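Single-structure report; data block below.
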Amino acid sequence: MTVTDLYSRYSTFTQILLDRLRAKGYPKAVDQPVAIDLQPTQFGDLHSNAYFSSIIFLERTLELHPFDLAVNAWAIQVLTGQNQKTRGIRVITPEKKVYDLRCKSVALAASGLETPRILLNPGIPLRAFGHYLTNHSIINGNGEISSEEFTEILGMIYILVPQTWYRPFQLQIFGSYYSYQYRSKPRKNEWEGNALITLGKVQSQYEKPDVSGSNQT
């Protein structure tokens, strides 16, 4: 995935903010690792797309073995036969047409909520399905930063403050030219929309939490 922490290493915005965070009690603040290809195209090896995408895996797999790719197909059910043996996957299109795709085995990777939903539909009798549901718990915040305190070459903001045993959540800060990789970069005094994201751990439980009525949080 070409994950690297060099993407913002020489960004003035990021490095000055890192110094301030470390001086104010966040010594573990670092350049945020990101899946991006910083290697230039050379010697016939093409590196034209900087950002990593899972579709790259499909392209590399196609060079090893042919396969069929179903697009605009939303998986809704694992198909099973005798003795609950898998025989395929049922999908639905945006036009509400249903198709059965036959295969010998199925690997589900549809997130912590969609995967059990798909497994529940065929009625496979496993006690854990529909329980121990876990997903990211995220809080977002936005703020403004004045560029007048920084040098002319700003760069982007891309910072990670990892979680610790006494602070069981991580912080991600990004903004400035972060979303201007393929467009002209405007120069302005106030940068709005700089995001602060916190991600915490959610403890898995057999029974899903009650979020209705007075217990809603």
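The values are calculated or read from the model by the stated rules, or taken from the named source; none is laboratory data. None of these values were measured; they are calculated from a predicted model. So basically every Cβ, Gly included, is an ideal-geometry build from the backbone, and we count neighbours across all protein chains shown.
Of the residues that sit in region 10-40 and are surrounded by 13 or more Cβ atoms within 10 Å (Cβ to Cβ) and part of a loop (DSSP other than H, G, I, E, B), which one is modelled with the lowest pLDDT?
ASP37
Can you tell me which residue in region 89-116 is farthest from the chain's Cα centre (by Cα), limited to those that are surrounded by 11 or more Cβ atoms within 10 Å (Cβ to Cβ) and part of a loop (DSSP other than H, G, I, E, B)?
Filtering region 89-116 for residues that are surrounded by 11 or more Cβ atoms within 10 Å (Cβ to Cβ) and part of a loop (DSSP other than H, G, I, E, B), the one farthest from the chain's Cα centre (by Cα) comes out as CYS103.
Would you mind finding the one in LEU79, LEU58 that is part of a helix (DSSP H, G or I) and surrounded by 10 or more Cβ atoms within 10 Å (Cβ to Cβ)?
Just one listed residue meets the conditions, LEU58.
Mind checking whether some residue in region 41-60 is touching a strand residue (DSSP E or B) at 6+ places or on another chain (Cβ under 7 Å) and modelled with pLDDT of 85 or more?
no
So which pairs qualify, if the first residue must be in region 1-29 and under 21 Å from PHE52 (Cα atoms), the second must be in a loop (DSSP other than H, G, I, E, B) and of a type in the set (D, E, K, R), the Cβ gap must be under 7 Å, and the two must be at least 6 apart or on different chains?
THR2/ASP37
Tell me, which residue of region 30-46 that is of a type in the set (Asp, Glu) and without any contact (Cβ under 8 Å) to a residue 60 or more places away in the chain is farthest from PHE169 (Cα to Cα)?
Among those residues, the one meeting the criterion is ASP45.
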